[in-house]
There are 4 protein chains.
Amino acid sequence: MECRFKDQPRDEKELRNLKSRIHRIIGQLNGIEKMLDDNRYCGDVLVQISAVESALQSVGYIVLKDHLETCVRDKAKADDPEVMTEVMELIKKLK
Amino acid sequence: MECRFKDQPRDEKELRNLKSRIHRIIGQLNGIEKMLDDNRYCGDVLVQISAVESALQSVGYIVLKDHLETCVRDKAKADDPEVMTEVMELIKKLK
Amino acid sequence: MECRFKDQPRDEKELRNLKSRIHRIIGQLNGIEKMLDDNRYCGDVLVQISAVESALQSVGYIVLKDHLETCVRDKAKADDPEVMTEVMELIKKLK
Amino acid sequence: MECRFKDQPRDEKELRNLKSRIHRIIGQLNGIEKMLDDNRYCGDVLVQISAVESALQSVGYIVLKDHLETCVRDKAKADDPEVMTEVMELIKKLK
């Protein structure tokens, strides 16, 4: 699949925010691995997994909002007939 | 919160499976971070995020199934009145 | 598909609760149809649809909890090897 | 809350489609009520509930797609600063 890029670079502050959220999620995942190694109670492991699910969902929402505010807005203004179909496909994929 | 542990150790094969899935998810997250650094198109980033969401959901389901087959089954057989309430709470948390 | 029945009848109070929730959901759906007929703003229609989704999810959770507390508990005590696999399949189907 | 309306009437064919889907969902809900009255097995009731959840989600997606293609597109072209924030709020509400 050919690599596609944003027309404009992401806002620096938002990029740092997304990167630090991803680092935190990776930290949480390492914590879950340790819980599994320590044979921790399943219920407690599942609570941590659901916390990571929520954190990941937040990352998705930030990227989606930025997408709507930049690419989608520009394409709508340029009367791109496909842009909203793509938005729906993304919405259906995300949890 | 006091640390709770499983009564029996997790099956070795399942533990390896869970750990390798977590490592793969971490790899995917590192890939997403690189996409953000490279200013890759939001739609493509979102597709990767939804892939990680599905991979994480699978990890949750594996842990939940193991929980049902071990802790929950044992507690049900011991007529623990609270076990199914706990299962519902976990189900509601997980995406 | 051959009709299957619960071993014990549902609790009367819970049955009334489930039935009144279903009636309310049907009322909400009739309301949504009227909003569509009145060409009401999509955002307001979508808010009502999400309210029905939540109400429907609650009905599912009540039935699932009752299932866990009765059929699943009994089958676990009878060492039914398939019961938890069925529970997982139901969990994966429900939103 | 003050009643808001779409700027343009919904497409007739789509309106009929949405109304028939809602009628079908109401029929399914009546079927679920009968299953509860007949003390049908919880697992079978839950399968029907998940079918209604999917049908309802489809209705939401149709309304959301129409919203994106009409109201949102028009507001984006009019440089409405709030439109994408509203879209995100709707996405977060829908299952």
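No value in this document is a laboratory result; all are computed from the given coordinates. Being a predicted model, the structure only gives us computed values, none of them experimental. Every residue, glycine among them, receives a Cβ derived from its backbone with ideal geometry; neighbour counts consider all protein chains shown.
Worth pointing out:
- Residue of D:Asp38, D:Asp74, D:Asp66 that the Gaussian network model of chain D assigns the largest fluctuation, springs spanning Cα pairs under 10 Å: D:Asp38
- Nearest-ten-degree value, helix B:42-67 long axis tilted from longest Cα axis of chain B: 10
- Averaging Cα coordinates gives a centre for the range D:72-92 and one for the range B:13-50; these two points are 29 Å apart.
- Using alpha-carbon coordinates, inclination of helix A:83-93 to the longest axis of chain A, degrees: 10
- With its label point defined 7 Å out from Cα along the Cα-to-Cβ axis, B:Asp80 lies at 2.0, 5.2, 5.2 nm from the matching points of the other copies, in increasing order.
- Here's the picture: a label point sits 7 Å out from the Cα of C:Glu89 along the beta-carbon direction, and within the range D:27-41 the residues with their amide nitrogen under 19 Å of it are D:40-41.
- For the residue pairs A:Lys19/B:Lys34; A:Lys93/C:Lys65; B:Lys75/C:Lys6; D:Lys13/D:Lys92; A:Lys19/A:Lys77, the alpha carbons lie more than 20 Å apart in A:Lys93/C:Lys65; B:Lys75/C:Lys6; D:Lys13/D:Lys92; A:Lys19/A:Lys77.
- Take the Cα of A:Lys77, step 7 Å toward its Cβ, do the same at D:Phe5, and the gap between the two points is 3.1 nm.
- Nearest beta carbon of chain B to the B-to-D rotation axis, with distance in whole angstrom: B:Lys95, 5.
- Prolate/oblate/rounded call for the range A:14-93, Cα gyration tensor, a/c under 1.5 rounded: prolate
- D:Val47 label point (Cα plus 7 Å toward Cβ) to equivalent points in the other copies: 3.5, 3.6, 3.8 nm, shortest first.
- Remark: label point of D:Lys93 defined 7 Å out from Cα along the Cα-Cβ vector; separations to the same position in other copies 2.6, 2.8, 2.9 nm, ascending.
- Three-way shape call for the range B:55-95 based on the alpha-carbon gyration tensor, with the a/c threshold at 1.5: oblate
- Hypothetical label at D:Leu15: residues of the range C:17-39 whose amide nitrogen lies under 19 Å (7 Å Cα-Cβ projection): C:29-39
- Cα shape, the protein assembly as shown, gyration tensor, a/c 1.5 rule: oblate
- Per-residue shielding of A:12-25, expressed as the average number of other chain Cβ atoms within 10 Å of the residue Cβ, stands at 2.
- Evaluating 6.51 cos²θ - 1.76 cosθ + 1.60 at θ = phi - 60° for every residue in the range C:29-39, the Karplus couplings come out as 5, 4, x, 5, 4, 5, 4, 5, 4, 7, 6 Hz, glycine and proline recorded as x.
- In terms of other Cβ atoms within 10 Å, A:Leu90, B:Leu94 run from fewest to most in the order B:Leu94, A:Leu90.
- Modelled this way, with points 7 Å down the Cα-to-C-beta line, the labels at D:Ser54 and D:Asn30 are 2.3 nm from one another.
- When A:Glu82, B:Glu53, C:Glu33, D:Glu14 are sorted by how many other C-beta atoms sit within 10 angstrom of their C-beta, beginning with the fewest, the order is A:Glu82, D:Glu14, C:Glu33, B:Glu53.
- In plain terms, the residue of B:Glu89, B:Glu12, A:Glu69, D:Glu86 with the fewest other Cβ atoms within 10 Å comes first and the most crowded comes last, giving B:Glu12, B:Glu89, D:Glu86, A:Glu69.
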